[in-house]
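Structure first, commentary second.
The values are calculated or read from the model by the stated rules, or taken from the named source; none is laboratory data. Source: prediction; values computed, not measured. Note that each Cβ is placed from the backbone with ideal geometry, even for glycine, and that neighbours are counted across all protein chains shown.
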Amino acid sequence: MKFCDLGLRSNFSAGENSVLEMAERAKDFGYEVLAFSDYLLNLRDIEGLKRAVSEASKKLGCEIYAGVRIKALNKVELIRKVKFFRNFVHVVVVEGGNLEVNRGACSMPEVDILAHPENGRDDSGFDHVMASLARENHTALGIDFSKILEADSRSRISLLRKIRKNLRICEHCRAPVIFSTGAMNVWEIRGPREIMSLIQALGFDYDFAEKALLQNPNFVIQRANEVFSKEFVAPGVKRYES
Amino acid sequence: MNLNPLPPAMREKKRYIVIKILSNAKIEYNELSYTLWNEFTRFLGEFELSISRAWLIEDLFDQENQIAVLRVNHNFVENFRAALALIKEISGKKVAIKVLGVTGTIKSAKERFLT
């Protein structure tokens, strides 16, 4: 098992540093599998990101994948965007905030991560029904460390409260959780062990914290690799040559 | 009359967190110490800071390699690691703090990280 960070952002969208710079720093902090989930619009963006990612991967010798971060206003838009991007990238992250979108993302097996369902809300935006759906469809609750890092004193209190509530629901319903750095620049990257410490400081045990940075993200990458392999026909069906 | 030193079994258990400061500019001991105390009080609070017996060891601060050693009670290591990760600026300079490791004695901290 290798430490994964599936939420990096480069200068392809909102980030400030290039793919190579970000990957170098993340590798220095101990990550071995990386995915850049940028806001992409069309096929040209996807191709550009994929090219940059494969160049960086060759240069640094670690696994780097391309991903996408989707913003949707309603369920129809969400389904349209997810179905389009799923064919091209390894990781599909949906930004939460709207209840309809949160619920939709949890009920779609194509979505890998639902990031921050509490975005811009007074409540935590995630309940036990969504958690059960997320467990069935292997959609993970995603939390970006950079959100906590960026928040000032007052908003950090409410953000940590909401995150803790969502994590408790996920722990109870056994829904997967994925923590990532969500870094926009090299200064926002933190080590995997430090993020695990924060989860433990919030009152969860070591195994839960380890799953959020090792097993669950590795599962996402493994599933995507299977789908993109030549032997894949349909979920559960593989082609074997005699 | 002097106090007798406590027997080893009755002493509080300590851990030494060895940190490296990543930044474009060199950070001095005073700046680091000031920021750490401020951030720890903000994130952990006065109560937890008092019972954890945290201390930044001045003698072990390596100005050239930007390595420092922080002593805490063994029950509070995870909380302090989280608090260290949440530091993003030291006197206006952007920083990222990387934990190199946690040791049980100063001797092993020196052998592993400060030679």
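Here are some notes:
Table: residues versus (1) in contact with a helix residue (DSSP H, G or I) (Cβ under 9 Å, 6 or more places away or on another chain); (2) within 12 Å of chain B (Cβ to nearest Cβ).
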| position | (1), (2) |
| --- | --- |
| A:Arg168 | no, no |
| A:Pro176 | yes, no |
| A:Gly182 | yes, no |
| A:Gly191 | yes, yes |
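- Boolean, A:Asp123 is surrounded by fewer than 19 Cβ atoms within 10 Å (Cβ to Cβ) and not polar (S, T, N, Q): yes
- A:Leu214 vs. criteria among the hydrophobic types (A, V, I, L, M, F, W, C), over 22 Å from A:Ala105 (Cβ atoms) and surrounded by fewer than 24 Cβ atoms within 10 Å (Cβ to Cβ): yes
- Residue match in the stretch B:58-73 (condition: surrounded by 20 or more Cβ atoms within 10 Å (Cβ to Cβ), modelled with pLDDT under 95 and within 30 Å of A:Asp205 (Cβ to Cβ)): no
- Filter result for B:Lys107 (basic (Lys, Arg) and either under 25 Å from A:Phe145 (Cβ atoms) or within 14 Å of another protein chain (Cβ to nearest Cβ) (or both)): no
- Qualifying residue in the stretch B:38-50 (condition: in contact (Cβ under 8 Å) with a residue 24 or more places away in the chain, away from chain A (no Cβ under 14 Å) and surrounded by 13 or more Cβ atoms within 10 Å (Cβ to Cβ)): no
- Hits in the stretch A:193-220 (condition: facing another protein chain (nearest Cβ under 8 Å) and either polar (S, T, N, Q) or within 14 Å of the chain's Cα centre (by Cα) (or both)): A:Ser197, A:Gln200
- When residues of the stretch B:56-104 are limited to those that are of a type in the set (Val, Ile, Thr) and facing chain A (nearest Cβ under 10 Å), the one farthest from A:Leu160 (Cα to Cα): B:Val102
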